[in-house]
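Here's the structure we're looking at; comments come further down.
What follows draws every value from the coordinates through simple rules; no lab data is involved. In this text the structure is predicted, and so the values were computed from the model without any measurement. Neighbour counts run over all protein chains shown; Cβ positions are idealised from the backbone, glycine included.
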Ligand SMILES: [Zn+2]
């Protein structure tokens, strides 16, 4: 069971401090195209110094600084409500990518048939073990309290709250997509503490419906 529930992507490179998965560029580019148009995306990518990735995908993990540069530029270049919508859409698309490519279909089938509380506990563990995709080499912990789970990212290297946003919309949307698909379509995910507001870690709560 344990092996079948692990996300089967490439192994993390623990020497690559503060690098995160390339989806933080690829899916954000797709979200900008979908919500703002290619013209606006080109302007934002150029302003962030990302000309090289206008047409090509990053082949490997990407330094967190570059992601933060892009996210800051989105916050500066768009009305804030639209910038937040772009980051949520990018997170949702990253969740879709993880569902399609990183969680084996057999594991997904098992999770969706389990009682929701057990599925929540198992998915929390799987997500925590594979945190490099959304948290680089930051320390990520998780647990359960009653009917809710939590995930904490200490030293979140791509905290949106520190890139001009009010909190981590992207992470919320990634988790929302995964937990609504595999645990319950009515799950709620919200960030209850953000490093951007001075908290020691970004902490997310995943609540099951009553
Ligand atoms: Zn945060």
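Considering the Cα trace of region 134-191, what is its radius of gyration and what is Dmax, both in angstroms?
12.0, 33
Quick one: give the max-minus-min coordinate of the C-alpha atoms of region 36-90 along each principal axis, largest first, in Å.
30, 22, 18
Taking the chain as a Gaussian network, where each spring joins two C-alpha atoms under 10 Å apart, which residue of 55, 135, 107 fluctuates the most?
55
Where the convex hull is taken over the Cα atoms of the chain, what is its projected area averaged over directions, in nm²?
11.1 nm²
For an R0 of 45 angstrom, estimate the FRET efficiency from the Cβ-Cβ distance between residue 148 and residue 47 and round to the nearest 0.05.
0.70
To the nearest 500 deg cm²/dmol, what mean residue ellipticity at 222 nm is calculated for the chain from DSSP H runs of n ≥ 4 alone, each contributing -39,500 (n - 2.57), summed and divided by the residues?
-15000 deg cm²/dmol
Could you state the angle between the C-alpha long axis of helix 38-47 and the longest principal axis of the C-alpha atoms of the chain, as a value from 0 to 90 degrees rounded to the nearest 10?
80 degrees
List, largest first, the extents of the alpha carbons of region 91-210 along their principal axes, each in whole Å.
39, 30, 21
Relative to the longest principal axis of the chain, what angle (0 to 90°, nearest 10) does the C-alpha long axis of helix 80-101 take?
With both axes taken from Cα atoms, the answer is about 50 degrees.
Going by alpha carbons, how many degrees (0 to 90, nearest 10) lie between the helix axis of 64-77 and the longest principal axis of the chain?
Approximately 70 degrees, to the nearest 10.
Pop the C-beta distance of residue 110 and residue 81 into the FRET formula with R0 = 30 Å and round what comes out to the nearest 0.05.
0.20
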